[in-house]
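Student: Mind having a look at this structure? Questions to follow.
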Amino acid sequence: MRNLDLQVEFNYIRPFTYQHEDIYTNYQHYQQPLAHPMGANVAEILGVLSYQPLPRLMLVGKAFYSEQGRDATAQDMAGQNNGGNVLKSYNTRVSEYGNRVGQGNKSRLLHTDFTATYQPRLNLFLDAKLIARQQTYSLTPALDGSELYASLALRWNIAQRLHEF
(Lines give C-alpha, C1' and ligand atoms only; values in the text may rest on other atoms or scores of the structure.)
Protein backbone atom coordinates (compact mmCIF):
# COMPACT_ATOMS: atom_id res chain seq x y z
CA MET A 1 0.00 0.00 0.00
CA ARG A 2 1.19 3.49 -0.78
CA ASN A 3 2.20 5.67 2.19
CA LEU A 4 1.99 2.78 4.66
CA ASP A 5 4.96 2.01 6.91
CA LEU A 6 5.31 -0.82 9.41
CA GLN A 7 8.04 -1.19 12.01
CA VAL A 8 8.41 -4.14 14.37
CA GLU A 9 11.14 -4.38 17.00
CA PHE A 10 12.08 -6.85 19.70
CA ASN A 11 14.38 -6.01 22.62
CA TYR A 12 15.77 -8.55 25.07
CA ILE A 13 18.03 -7.20 27.83
CA ARG A 14 19.48 -9.62 30.36
CA PRO A 15 19.54 -8.83 34.09
CA PHE A 16 22.47 -6.74 35.41
CA THR A 17 23.45 -5.63 31.87
CA TYR A 18 23.93 -1.93 32.63
CA GLN A 19 24.92 -2.24 36.31
CA HIS A 20 28.45 -1.93 37.59
CA GLU A 21 30.30 -2.04 40.91
CA ASP A 22 29.35 1.49 41.93
CA ILE A 23 27.21 4.45 40.84
CA TYR A 24 30.14 6.17 39.12
CA THR A 25 30.71 3.51 36.46
CA ASN A 26 27.20 2.23 35.60
CA TYR A 27 25.22 3.16 32.48
CA GLN A 28 23.23 6.12 33.82
CA HIS A 29 23.18 9.89 33.64
CA TYR A 30 21.32 11.90 36.29
CA GLN A 31 19.94 8.56 37.56
CA GLN A 32 18.34 7.73 34.19
CA PRO A 33 19.39 4.64 32.19
CA LEU A 34 21.43 5.48 29.08
CA ALA A 35 20.93 2.44 26.86
CA HIS A 36 17.21 1.63 27.26
CA PRO A 37 14.60 3.72 29.12
CA MET A 38 13.38 0.69 31.09
CA GLY A 39 16.85 -0.37 32.23
CA ALA A 40 17.61 -4.09 32.10
CA ASN A 41 15.95 -7.42 32.92
CA VAL A 42 13.32 -6.76 30.24
CA ALA A 43 11.90 -8.33 27.09
CA GLU A 44 9.68 -6.20 24.89
CA ILE A 45 8.09 -6.18 21.48
CA LEU A 46 6.83 -3.06 19.80
CA GLY A 47 5.12 -2.13 16.58
CA VAL A 48 4.51 1.14 14.77
CA LEU A 49 2.08 1.53 11.88
CA SER A 50 2.10 4.84 9.97
CA TYR A 51 -0.31 5.76 7.21
CA GLN A 52 -0.76 8.95 5.22
CA PRO A 53 -4.17 8.74 3.51
CA LEU A 54 -4.13 12.42 2.46
CA PRO A 55 -1.19 14.74 1.75
CA ARG A 56 -1.77 16.72 4.97
CA LEU A 57 -3.06 13.94 7.25
CA MET A 58 -0.84 11.41 9.04
CA LEU A 59 -2.15 8.53 11.17
CA VAL A 60 0.22 6.68 13.51
CA GLY A 61 -0.58 3.72 15.74
CA LYS A 62 1.95 2.36 18.23
CA ALA A 63 1.83 -0.56 20.63
CA PHE A 64 4.37 -2.25 22.84
CA TYR A 65 4.26 -5.05 25.34
CA SER A 66 7.03 -5.62 27.87
CA GLU A 67 7.82 -7.97 30.71
CA GLN A 68 10.37 -6.73 33.22
CA GLY A 69 11.67 -8.23 36.43
CA ARG A 70 11.69 -5.63 39.18
CA ASP A 71 12.83 -5.58 42.77
CA ALA A 72 10.24 -6.46 45.41
CA THR A 73 9.61 -2.81 46.34
CA ALA A 74 10.69 0.36 44.55
CA GLN A 75 11.47 2.11 47.86
CA ASP A 76 13.85 -0.61 49.04
CA MET A 77 17.13 0.57 47.44
CA ALA A 78 19.24 -1.57 49.79
CA GLY A 79 17.18 -4.75 49.33
CA GLN A 80 17.01 -7.51 46.75
CA ASN A 81 18.68 -6.81 43.38
CA ASN A 82 17.00 -8.67 40.49
CA GLY A 83 18.99 -6.85 37.81
CA GLY A 84 16.62 -4.21 36.43
CA ASN A 85 17.75 -1.13 38.34
CA VAL A 86 20.96 0.31 36.83
CA LEU A 87 21.62 2.34 39.99
CA LYS A 88 22.39 -0.76 42.08
CA SER A 89 25.72 -2.56 42.23
CA TYR A 90 25.91 -5.91 40.44
CA ASN A 91 27.77 -7.22 43.52
CA THR A 92 24.38 -7.30 45.33
CA ARG A 93 22.70 -9.62 42.77
CA VAL A 94 20.30 -12.29 44.01
CA SER A 95 22.39 -15.17 42.66
CA GLU A 96 25.64 -15.75 40.81
CA TYR A 97 24.18 -18.21 38.28
CA GLY A 98 20.77 -19.07 36.88
CA ASN A 99 19.53 -15.52 36.40
CA ARG A 100 16.87 -15.06 33.73
CA VAL A 101 14.95 -12.18 32.18
CA GLY A 102 11.82 -11.39 34.15
CA GLN A 103 13.06 -12.67 37.52
CA GLY A 104 11.73 -10.91 40.58
CA ASN A 105 8.47 -8.95 40.73
CA LYS A 106 7.42 -9.42 37.08
CA SER A 107 5.87 -6.30 35.61
CA ARG A 108 3.76 -6.64 32.47
CA LEU A 109 3.10 -3.41 30.57
CA LEU A 110 0.89 -2.87 27.53
CA HIS A 111 1.11 0.61 26.00
CA THR A 112 -0.96 1.67 22.99
CA ASP A 113 -0.91 5.06 21.30
CA PHE A 114 -2.89 6.46 18.37
CA THR A 115 -2.11 9.86 16.85
CA ALA A 116 -3.80 11.75 14.03
CA THR A 117 -1.86 14.78 12.77
CA TYR A 118 -3.30 17.32 10.35
CA GLN A 119 -1.26 20.13 8.76
CA PRO A 120 -3.58 23.02 7.81
CA ARG A 121 -0.70 25.34 6.88
CA LEU A 122 3.05 25.03 6.38
CA ASN A 123 4.72 24.04 9.69
CA LEU A 124 1.43 24.31 11.61
CA PHE A 125 0.15 21.00 12.99
CA LEU A 126 -2.94 19.88 14.85
CA ASP A 127 -2.43 16.63 16.82
CA ALA A 128 -5.15 14.44 18.34
CA LYS A 129 -3.73 11.70 20.54
CA LEU A 130 -5.12 8.81 22.58
CA ILE A 131 -2.86 6.78 24.90
CA ALA A 132 -3.86 3.70 26.89
CA ARG A 133 -1.58 1.89 29.37
CA GLN A 134 -2.13 -1.17 31.52
CA GLN A 135 0.46 -2.48 33.98
CA THR A 136 0.32 -5.50 36.28
CA TYR A 137 2.76 -6.92 38.85
CA SER A 138 3.11 -10.56 39.86
CA LEU A 139 4.08 -10.03 43.53
CA THR A 140 2.43 -6.68 44.32
CA PRO A 141 -1.04 -6.54 42.69
CA ALA A 142 -1.82 -3.39 44.71
CA LEU A 143 0.43 -1.51 42.25
CA ASP A 144 -1.56 -2.67 39.19
CA GLY A 145 -3.14 0.09 37.20
CA SER A 146 -4.45 1.33 33.91
CA GLU A 147 -4.62 4.81 32.48
CA LEU A 148 -6.24 6.47 29.49
CA TYR A 149 -5.03 9.84 28.20
CA ALA A 150 -6.49 11.96 25.43
CA SER A 151 -4.97 15.20 24.15
CA LEU A 152 -5.36 17.80 21.46
CA ALA A 153 -2.33 19.94 20.61
CA LEU A 154 -1.44 22.75 18.27
CA ARG A 155 2.21 22.82 17.15
CA TRP A 156 4.01 25.43 15.16
CA ASN A 157 7.36 24.41 13.65
CA ILE A 158 8.33 22.09 16.55
CA ALA A 159 8.60 18.32 16.91
CA GLN A 160 5.83 16.27 18.44
CA ARG A 161 6.26 15.38 22.11
CA LEU A 162 6.20 11.63 22.70
CA HIS A 163 4.87 10.08 25.93
CA GLU A 164 5.93 6.48 25.54
CA PHE A 165 7.80 5.87 28.81
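Student: Determine ³J(HN,Hα), in whole Hz, for all residues of the stretch 49-62 in sequence, where each value follows from phi through the Karplus function 6.51 cos²θ - 1.76 cosθ + 1.60 and θ = phi - 60°; x replaces Gly and Pro.
Tutor: Once rounded to whole Hz, the list reads 10, 10, 9, 10, x, 10, x, 10, 10, 10, 10, 9, x, 10.
Student: Which whole-Hz couplings ³J(HN,Hα) result when phi for each residue of the stretch 10-15 is put into the Karplus expression 6.51 cos²θ - 1.76 cosθ + 1.60, θ = phi - 60°, listed in order with x for Gly and Pro?
Tutor: Taking θ as phi minus 60°, the curve returns 10, 10, 9, 10, 5, x Hz for the stretch 10-15.
Student: Anyone know which of Leu110, Leu122, Leu59 comes out most mobile in the 10 Å Cα GNM of the chain?
Tutor: With Cα springs under 10 Å in the chain, the top fluctuation among Leu110, Leu122, Leu59 is at Leu122.
Student: What does the charge count near Asn99 come to, summing +1 for each Lys or Arg and -1 for each Asp or Glu among other residues with Cβ under 9 Å from its Cβ?
Tutor: Counting the neighbours of Asn99, the net charge comes to +2.
Student: Please compute P(r) over all alpha-carbon pairs of the stretch 49-165, binned at 5 Å starting from zero, and give each bin as a whole-number percent.
Tutor: Pair shares across the bins are 2, 10, 16, 15, 13, 10, 9, 9, 8, 5, 2, 1.
Student: Which lysines have a Cα lying under 28 Å from the Cα of Lys129, excluding residues fewer than 8 positions away in the same chain?
Tutor: Correct list for Lys129: Lys62.
Student: May I pose another question? Please work out whether the stretch 26-97 counts as rounded, prolate or oblate from its C-alpha gyration tensor, where a ≥ b ≥ c are the square roots of the eigenvalues and a/c under 1.5 means rounded, while otherwise a/b larger than b/c means prolate and anything else oblate?
Tutor: Cα axes put the stretch 26-97 in the prolate bin.
Student: Can you give me the accessible area per residue for the chain, using a 1.4 Å probe, in Å²?
Tutor: Dividing the accessible area of the chain by its residue count gives 66 Å².
Student: Another one. In a GNM of the chain with a 10 Å cut-off on Cα contacts, which of Ser107, Ser66, Ser89 has the highest mean-square fluctuation?
Tutor: Result: Ser89 has the largest fluctuation of those listed.
Student: If you don't mind, another one. Can you work out the Karplus-derived ³J(HN,Hα) for every residue in the stretch 118-125? Use 6.51 cos²θ - 1.76 cosθ + 1.60 with θ = phi - 60°, whole Hz, and x for glycine or proline.
Tutor: 10, 10, x, 9, 4, 6, 10, 10
Student: Same structure again: Under a straight-distance cross-link criterion of Cα-Cα below 26 Å, which lysines are reachable from Lys88, leaving out those fewer than 8 residues away in the same chain?
Tutor: List returned: Lys106.
Student: With springs only between Cα atoms under 10 Å, which of Gly61, Gly69, Gly102 fluctuates most in a Gaussian network model of the chain?
Tutor: Checking each option, the largest mean-square fluctuation is seen for Gly61.
Student: Tally up the carbon and sulfur contribution to the accessible surface of the chain as a whole percent, 1.4 Å probe, everything protein left in place.
Tutor: Its accessible area is 57 percent carbon and sulfur atoms.
Student: Using 7 Å Cα-to-Cβ label points, what is the Arg155/Ser50 separation (nm, one decimal)?
Tutor: Each label point is offset 7 Å from its Cα along the Cβ direction, giving 1.1 nm.
The values are calculated or read from the model by the stated rules, or taken from the named source; none is laboratory data. Remember, it's a predicted structure, so these values are computed and weren't measured experimentally. Ideal geometry is used to build each Cβ from the backbone, glycine not excepted, and the neighbour counts take in all protein chains shown. Accessible surface areas use protein heavy atoms only, side chains included; no ligands, DNA or RNA. Shrake-Rupley method; radii C 1.70, N 1.55, O 1.52, S 1.80 Å.
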